[in-house]
Amino acid sequence: MKRLLQLLFTFHLLFFTFSSVFAQSDEVSVNTEIFVINQTTAADGSVSEEAKPATTARPGQIVEYRLVARNETDTTLPAGTVIITGPVPNGTTFVPESATPKDERILTEYSADGTNFADADSPILSGEGDNRTVVDPAAYRAVRWTLLVPLEPAQEETFVYRVTVNPAAN
């Protein structure tokens with residue numbers, strides 16, 4: 001069962017790499033880099049991290065996605081036109097506060113359904129009418145970044161977020 005789970009997650013990592021990162025047009029290419037994050041706690045309680053390229057991950061491991069967006073045109077892309085979306089793969093949980101960069105150049109938004117997005121300062125709601133509830137960040141299904149400054153020709157911008165691989169269902 002453990003081996004089957006690793007094989008399925010390996011397939012999921014590869015599938016994600018080739019099909020699930022969205023840029024709004026052919027003007028922007030997105031290269032996805034996937035890492036497993038190994039954390040070590042020292043005797044003094046400090047935590048260090050090491051990122052290793054991932055092809056597989058086990059339940060409980062943290063996986064980091066680095067999306068490198070590049071302007072493939074000879075012209076400057078205007079502010080607000082470069083939009084990158086990174087889905088949270090099935091079988092994983094979004095790590096709250098892991099989406100970067102966080103600065104005034106970029107609008108970072110989150111979604112509980114992969115379709116409707118809200119920025120970090122607005123609660124993400126689920127349900128209808130009186131049954132609406134605030135979604136826990138661990139339940140987010142996608143992260144979206146909008147570049148609020150122009151992207152020059154051949155310029156790259158890196159976007160990062162993390163997920164934790166869920167335990168296998170029995």
Quick test of your reading of the structure: Pro89 fulfils all but one of (1) open to solvent by less than 20 Å² (accessible area, probe 1.4 Å); (2) out of contact with any His (no Cβ under 8 Å at 6 or more places or on another chain). Name the failing condition by number. (2)
Quick one: which strands (runs of 3 or more DSSP E) lie wholly within segment 45-88 and hold at least 2 residues that are touching a residue at least 12 places away in the same chain (Cβ under 8 Å), touching a strand residue (DSSP E or B) at 6+ places or on another chain (Cβ under 8 Å) and under 23 Å from Ala112 (Cβ atoms)? 62-71, 82-87
Segment 93-170: strands (runs of 3 or more DSSP E) wholly inside it with 1 or more residues that are at pLDDT below 90 and either of a type outside the set (A, V, I, L, M) or open to solvent by less than 30 Å² (accessible area, probe 1.4 Å) (or both) are 117-119
Under 6 Å between Cβ atoms, at least 6 apart or on separate chains: pull out the pairs that start in segment 118-131 with a residue that is on the phi > 0 side of the Ramachandran plot and free of Cβ contacts under 8 Å to residues at least 40 places away in the same chain and end on any residue that is among the β-branched types (Val, Ile, Thr) and not in a helix (DSSP H, G or I). Gly127/Thr133
Kindly establish whether Glu109 is within 15 Å of Thr164 (Cα to Cα), acidic (Asp, Glu) and within 13 Å of the chain's Cα centre (by Cα). no
Can you tell me how many residues in segment 136-170 are among the small types (Gly, Ala, Ser) and more than 15 Å from Gly60 (Cβ to Cβ)? 3
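The values are calculated or read from the model by the stated rules, or taken from the named source; none is laboratory data. This one's a predicted model, so the numbers in the text were calculated from it and none came from an experiment. Quick reminder, even Gly has a Cβ in these numbers, built from the backbone with ideal geometry, and neighbours come from all protein chains shown. These accessible areas exclude ligands, DNA and RNA; they are computed on the full protein's heavy atoms, side chains included. Shrake-Rupley method; radii C 1.70, N 1.55, O 1.52, S 1.80 Å.
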